[in-house]
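For reference, the structure discussed in these notes is given below.
The values are calculated or read from the model by the stated rules, or taken from the named source; none is laboratory data. Predicted model only: the values in this text are computed from it and were never measured. Heads up, the Cβs are rebuilt from the backbone with ideal geometry, glycines too, and the neighbour counts pull from every protein chain shown. Note: accessible area is taken over every heavy atom of the protein model, side chains too, but ligands, DNA and RNA are not part of it. Shrake-Rupley method; radii C 1.70, N 1.55, O 1.52, S 1.80 Å.
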Amino acid sequence: MTNPSRRALLGAAVGGALAATAGLPATAHAASWKLRWSPSASGDGLGAFETVEDDRADSHPAGQPHIFVEGDNFRFNMHTVDRDTSTDRQRQEVTGLRTGSGSYLKWLPGETWRVTYRMYIPDSLKATTSFTHIMQMKQPGNGTSPIVVQSLRRVSGVQTIELKLPVADILVGRTDLEPLQNKWIDVDFRITIGDGTSGSVRWILKDGASTVIDRSKSGVDTLLADRVRPKWGIYRSLGDTSGSLRDTHLLLAGMRGHQLV
């Protein structure tokens, strides 16, 4: 009769052999988040991003720059006179995660990424009846549809902040905006990049030690083609009917990018 210690050794040997046959390591390691991007606003400046879209139409030279470093924060200014190249909207945004001169991170199919940062939304940056996006996930290139949007939206007259998958019109989560304004809040966004039903997202907002919202959605499409690239800033329509458009700004700080490996 095989004693317990010998049985354990035999089991380990068989398991190791099977793993080797399958081309896998004998000892599996749990996936973990690897820090891939940790810019300092005061140190890296706007070089932290792949591209900067500051008044692309040169509509308001007196207000430039609209995107700049303020202390250790990234600041995005928006004026009511600002216009994008499509004149029915306004855009002051940055894109991507730059890690060095000429080098930036590519989010590819099958990968899982996470961005965390602190965000300050003043009460002058109001939710609107039309779109006001403050984060997007998109395929690079002109004219591509957004894959994910974090937006400020009026719902039955109430100001809210929401996360949505606009291509399939899927609402991931929504919560009241006003209690989160005029203070620093924490954003934690995660995405598994996949076509069809192989993608997923998770969205967490925290106010200090309190979790305001934590919502996930799996089995969703998070890929158009090529790759996914994040965007931050203010991108809003001029079609608001609530009278909410003001000169305003947005602050971001402590931005970090992690990959699940």
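What is the set of long-range amide H partners of Val172 at a cut-off below 5 Å, with H atoms built 1.01 Å from backbone N?
Correct list: Leu163, Lys164, Leu165.
Along Cα→Cβ, 7 Å out, is where each label goes; now give me the distance between the ones at Thr175 and Val155 in nm to one decimal.
A separation of 1.3 nm, rounded to one decimal place.
Please identify every one of the chymotrypsin sites (Phe, Trp or Tyr not before Pro) in segment 43-92 that sits in a loop by DSSP and has no more than 15 other beta carbons within 10 Å of its own beta carbon.
Values: sites: Phe49, Phe68, Phe74, Phe76; in loops: Phe49.
When the chymotrypsin sites (Phe, Trp or Tyr not before Pro) of segment 43-92 are filtered for loop state and at most 15 Cβ neighbours within 10 Å, nothing remains.
Full extension from Thr87 to Arg215: what is 0.36 nm times the residue separation minus their Cα-Cα distance, to one decimal in nm? Before the final figure, lay out the partial values.
On the way: separation 128, 0.36 × 128 = 46.08 nm, distance 3.43 nm.
So the chain would gain 42.7 nm between Thr87 and Arg215.
List every residue whose amide H lies under 5 Å from the amide H of Phe131, counting only residues 5 or more places away in sequence or on a different chain, with H placed 1.01 Å from N in the peptide plane.
HN-HN under 5 Å from Phe131: Ser237.
Determine the share of the chain's accessible area contributed by carbon and sulfur atoms, expressed in whole percent, with a 1.4 angstrom probe.
Roughly 49 percent, rounded to a whole number.
For the chain, what does the accessible surface come to per residue with a 1.4 Å probe? Please give it in Å².
Details: 12080 Å² over 261 residues.
Value returned for the chain: 46 Å² of accessible area per residue.
With +1 assigned to the C-beta of every Lys and Arg and -1 to the C-beta of every Asp and Glu, and no other charges, what is the dipole magnitude of segment 103-170 about the Cα centre in debye, to the nearest 20?
The calculated dipole for segment 103-170 is roughly 100 debye.
With Cβ to Cβ distances under 14 Å as the rule, what net charge do the other residues near Asp221 carry (K, R +1; D, E -1)?
Details: positive: Lys138, Lys164, Lys217; negative: Asp169, Asp195.
So the environment of Asp221 carries a net charge of +1.
Can you list the HN-Hα couplings for segment 60-77, worked out from phi with the Karplus curve (6.51, -1.76, 1.60; θ = phi - 60°), rounded to whole Hz and with x for Gly and Pro?
My calculation for segment 60-77 gives 9, x, 5, x, 7, x, 8, 10, 7, 8, 10, x, 10, 10, 9, 10, 10, 8 Hz in order.
If each of Asp207 and Arg56 carries a label point 7 Å out from its Cα toward its Cβ, how far apart are those two points in nm?
3.4
Under the Kirkwood approximation applied to all pairs of distinct alpha-carbon atoms, what is the hydrodynamic radius of the chain in Å?
Numbers: mean 1/r = 0.0498 Å⁻¹.
After inverting the pairwise mean of 1/r, the radius is 20.1 Å.
Using +1 on the beta carbon of Lys and Arg, -1 on that of Asp and Glu, and nothing else charged, what's the dipole of segment 125-261 about the Cα centre, debye to 20? Please list the in-between numbers first.
On the way: 18 positive and 13 negative charges, 31 e Å.
Taking the Cα centre of segment 125-261 as origin, the dipole is about 140 debye.
Rounded to the nearest 10 degrees, what's the angle between the helix 4-21 long axis and the longest principal axis of the chain, both from Cα atoms, 0 to 90?
The angle comes out at about 60 degrees.
Name the long-range amide H neighbours of Glu70: under 5 Å, sequence gap of 5 or more, or other chain; modelled H, no Pro or chain starts.
Placed amide hydrogens put Arg75 under 5 Å from Glu70.
Over the Cα atoms of segment 163-261, each weighted equally, I'd like the Debye log10 I(q)/I(0) at q = 0.12, 0.20, 0.22, 0.24 Å⁻¹, rounded to two decimals.
-0.51, -1.30, -1.41, -1.47
What ³J(HN,Hα) values, in whole Hz, does the Karplus curve 6.51 cos²θ - 1.76 cosθ + 1.60 give for segment 161-175 when θ = phi - 60°, with x put for Gly and Pro?
Using θ = phi - 60°, the values come out as 10, 9, 10, 9, 9, x, 4, 9, 6, 9, 8, 7, x, 7, 8 Hz.
Taking the Cβ-Cβ separation of Thr129 and Phe68 as r and a Förster radius of 41 Å, what is the calculated FRET efficiency to the nearest 0.05? Walk me through the intermediate numbers first.
Working: r = 30 Å, r/R0 = 0.72.
With a Förster radius of 41 Å, E is 0.90.
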